[in-house]
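Got a structure for you, written out below as structure tokens; questions coming shortly.
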Amino acid sequence: MFPSRYLVFVLCLIAAFLSFVLMFAVSGHFVWPFLAFAAVSAIGYWDTQQTRHSVLRNYPVTGHFRFLFEAIRPELRQYFFESNQDGKPFSRERRSMVYDRAKNIEDVLPFGTEQDVYNGAYSWVNHSICPRPENHMDLRVTIGGPDCTQPYSASLFNISAMSFGSLSGNAILALNKGAKKGNFYHDTGEGSVSRYHREGGGDLVWELGSGYFGCRADDGTFDEEKFRKHAADPQVKMIEIKMSQGAKPGHGGVLPGPKVTEEIAEARGIPVGEDCISPASHSAFSTPLELLDFIRRLRELSGGKPVGFKLCIGHRWEFMAIVKAMLKTGIKPDFIVVDGAEGGTGAAPVEFANRLGTPLRQGLSFVHNCLVGAGLRDDIKIGASGQLISAFDIAGTMCLGADWVNSARGFMFAVGCIQSQSCHTNRCPTGVATQDPKRQQALIVPDKAERVANFHRNTLKSLMAFTAAAGLEHPGEFRPEHFYVREGQREILPASAALTWLRKGSLLDQAHDIKGYSTYWNMAEADSFHPSKTMTAARAMHHHQPHH
């Protein structure tokens with residue numbers, strides 16, 4: 001039985017055949033219907049054989065309507081179809097920018113900005129009267145603290161965590177081949193290292209979620225020997241413990257047994273056809289001190305590779321408790337990746353996606369400040385993720401304290417995603433977020449891998465031009481005073497004034513009260529993620545005292 005998405009193509013074939021028969025059996029007047037249906041059938045056949053457009057391979061004939069609507073002139077589209085600034089979570093303009101860069105074609109904007117620069121939220125980076133010549137150096141950052149014996153030189157722009165299982169095998173393979181071609185890394189997501197990651201040969205960051213896939217014991221706990229074996233793979237460059245993700249922080253997950261195919265079971269180290277549970281929290285540690293000991297163990301078991309963790313900032317005292325544990329033990333992660341609440345996932349409860357967790361700008365500046373205020377920032381690198389796809393996104397994020405950024409949906413667009421938002425249905429029209437073997441065949445790996453590399457290269461090229469226009473030599477020189485924000489009609493302020501910025505070691509100086517920090521710092525304890533009982537009781541008593 002043919003797929004329903006082929007219905008129009010098949011009907012055209014049938015109509016062409018009937019017209020051909022009637023043309024000879026009844027009347028020559030059927031020659032025009034025959035020619036019309038034959039032409040459409042020929043287009044449909046060509047659609048199924050071409051390798052450039054996944055949509056056309058999956059939707060022969062009908063897929064052309066999408067490109068027809070794309071081609072309608074702007075003055076008509078603004079009345080009948082999506083405008084350049086419409087579309088959530090990524091506008092048409094931002095998606096088009098990625099598509100153009102991935103296809104290695106000109107990505108310019110005619111006739112001026114369509115952004116409303118005077119109303120609503122708006123942010124920008126200021127330029128210099130004395131711009132510098134563009135520097136075409138390889139933009140990289142070295143990740144690895146004092147206890148790391150195998151530091152890694154990472155690109156400033158990498159593929160964020162997306163698991164095999166969430167994405168198709170062809171999508172993973174295209175992403176990884178593109179990463180190898182462009183010399184940047186590919187985060188595995190918590191689904192572990194699959195055969196498609198290995199076949200691609202690109203640098204990997206192995207993400208360990210609460211399910212410990214790839215190093216999972218039979219009872220679902222962490223298995224040291226399995227970890228040691230897989231971490232020794234030279235393709236694995238860093239280890240990232242997933243504490244939480246922006247799209248659904250504090251939420252576990254279940255992969256139903258029917259979806260646990262042989263390939264997914266192989267990657268995750270779980271039985272085929274059985275329900276696979278990812279708990280909401282980790283079993284390998286339950287306190288900040290235990291977390292840091294786990295980081296130390298992973299670093300030793302991996303032979304000294306960089307080990308860090310990813311999180312979306314929630315209760316501030318919890319992250320500060322980790323910082324206090326660093327000060328108490330001397331054990332530090334090599335890196336921390338801050339995920340914003342605006343991050344994406346294949347499926348998340350509405351309340352979690354919309355109303356839980358800290359947005360990236362606030363979370364990132366908080367993490368950076370805590371490390372600076374504790375005197376730890378020099379030894380720990382910070383990555384960032386959450387709707388970051390442009391040179392401005394990278395520059396603005398580095399202004400707020402990031403050393404590098406990761407992008408998930410940006411690279412999904414590069415391999416053909418059209419933001420149909422059907423990731424959870426297994427009916428992705430472009431073969432990116434599906435396990436349907438027929439649908440993912442539409443994604444032609446060599447073509448999409450080239451687009452992944454193009455998108456990475458052209459985005460960093462734009463970043464260098466953006467950096468030079470700001471009068472800077474390297475994106476690492478961006479500071480809070482370069483980044484401006486405004487919300488509605490509120491006063492325009494640089495980020496250096498709109499957000500609190502701590503000086504080195506200031507959290508250790510108990511003589512000063514730092515707004516937004518000191519209260520939480522006093523609540524934090526190195527041996528527990530729960531707030532200090534003494535401070536909590538004191539705050540409760542103060543809250544219930546009568547006011548005069």
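Of these, Asp218, Asp187, which one is over 22 Å from Ile336 (Cβ atoms) and of a type in the set (Asp, Glu)?
Sole residue among the options that is over 22 Å from Ile336 (Cβ atoms) and of a type in the set (Asp, Glu): Asp218.
For segment 174-185, check the following and say yes or no: at least one residue is in contact with a Gly (Cβ under 7 Å, 6 or more places away or on another chain), on the phi > 0 side of the Ramachandran plot and in contact (Cβ under 8 Å) with a residue 40 or more places away in the chain.
Looking through segment 174-185, none of the residues is in contact with a Gly (Cβ under 7 Å, 6 or more places away or on another chain), on the phi > 0 side of the Ramachandran plot and in contact (Cβ under 8 Å) with a residue 40 or more places away in the chain.
Quick check on Ala384: is it closer than 21 Å to Ala495 by Cβ, in contact (Cβ under 8 Å) with a residue 24 or more places away in the chain, among the hydrophobic types (A, V, I, L, M, F, W, C) and outside any loop (DSSP other than H, G, I, E, B)? Walk me through how you get there before you give the answer.
Working: closer than 21 Å to Ala495 by Cβ: yes; in contact (Cβ under 8 Å) with a residue 24 or more places away in the chain: yes; among the hydrophobic types (A, V, I, L, M, F, W, C): yes; outside any loop (DSSP other than H, G, I, E, B): yes.
Spelling it out, Ala384 is indeed closer than 21 Å to Ala495 by Cβ, in contact (Cβ under 8 Å) with a residue 24 or more places away in the chain, among the hydrophobic types (A, V, I, L, M, F, W, C) and outside any loop (DSSP other than H, G, I, E, B).
Take segment 131-165 and flag every residue that is crowded, with 24+ Cβ neighbours inside 10 Å, closer than 12 Å to Leu204 by Cα and out of contact with any helix residue (DSSP H, G or I) (no Cβ under 9 Å at 6 or more places or on another chain).
Answer for segment 131-165, where residues must be crowded, with 24+ Cβ neighbours inside 10 Å, closer than 12 Å to Leu204 by Cα and out of contact with any helix residue (DSSP H, G or I) (no Cβ under 9 Å at 6 or more places or on another chain): Ala154, Ala161.
Return the only residue of Pro146, Pro110, Pro151, Pro133 being farther than 30 Å from Val236 by Cα and either among the β-branched types (Val, Ile, Thr) or in contact (Cβ under 8 Å) with a residue 40 or more places away in the chain (or both). Even if it seems obvious, please write down each step before you answer.
On the way: Pro146 fails: farther than 30 Å from Val236 by Cα; Pro110 fails: either among the β-branched types (Val, Ile, Thr) or in contact (Cβ under 8 Å) with a residue 40 or more places away in the chain (or both); Pro151 fails: farther than 30 Å from Val236 by Cα.
It is Pro133.
His456 - would you say it is part of a helix (DSSP H, G or I) and at pLDDT below 95?
Considered against the rule, which asks whether it is part of a helix (DSSP H, G or I) and at pLDDT below 95, His456 comes out as no.
Sticking with this one: Take Ala391 and decide whether it is more than 26 Å from Cys215 (Cβ to Cβ), at pLDDT 95 or above, surrounded by 24 or more Cβ atoms within 10 Å (Cβ to Cβ) and under 22 Å from the mean Cα position of the chain (by Cα).
No, not satisfied.
Starting from segment 270-283, take each residue that is on the phi > 0 side of the Ramachandran plot and list its partners that are at pLDDT below 85, counting only C-beta distances under 6 angstrom and pairs at least six apart or across chains.
Close Cβ pairs (under 6 Å, with a partner that is at pLDDT below 85) amount to Gly273/Gly257; Gly273/Val260.
Conditions (1) among the charged types (D, E, K, R); (2) at positive phi; (3) surrounded by fewer than 21 Cβ atoms within 10 Å (Cβ to Cβ), marked per residue:
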site	(1), (2), (3)
Gly401	no, yes, no
Trp404	no, no, no
Thr425	no, no, yes
Lys438	yes, no, yes
Arg451	yes, no, no
Asn454	no, no, yes
Pro480	no, no, yes
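Do we find that Val485 is closer than 20 Å to Ala391 by Cα, touching a helix residue (DSSP H, G or I) at 6+ places or on another chain (Cβ under 6 Å) and part of a strand (DSSP E or B) in this structure?
yes
Conditions (1) closer than 30 Å to Ser168 by Cα; (2) polar (S, T, N, Q), marked per residue:
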site: Ala442; (1), (2): yes, no
site: Lys448; (1), (2): yes, no
site: Asn458; (1), (2): yes, yes
site: His482; (1), (2): no, no
site: Val485; (1), (2): no, no
site: Tyr517; (1), (2): no, no
site: Ala524; (1), (2): no, no
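If I ask for residues that are at pLDDT 85 or above, under 25 Å from Gly340 (Cβ atoms) and among the charged types (D, E, K, R), which ones from segment 232-261 would you list?
To start, the set of residues in segment 232-261 that are at pLDDT 85 or above comprises 232-244, 261.
Next, only the ones that are under 25 Å from Gly340 (Cβ atoms) stay: 237-244.
Those that are at pLDDT 85 or above, under 25 Å from Gly340 (Cβ atoms) and among the charged types (D, E, K, R): Lys237, Glu240, Lys242.
The values are calculated or read from the model by the stated rules, or taken from the named source; none is laboratory data. Treat the numbers as computed from the prediction; the structure is a model and nothing was measured. For neighbour counting, all protein chains shown are included, and Cβ atoms are generated from backbone atoms with ideal geometry for every residue, glycine included.
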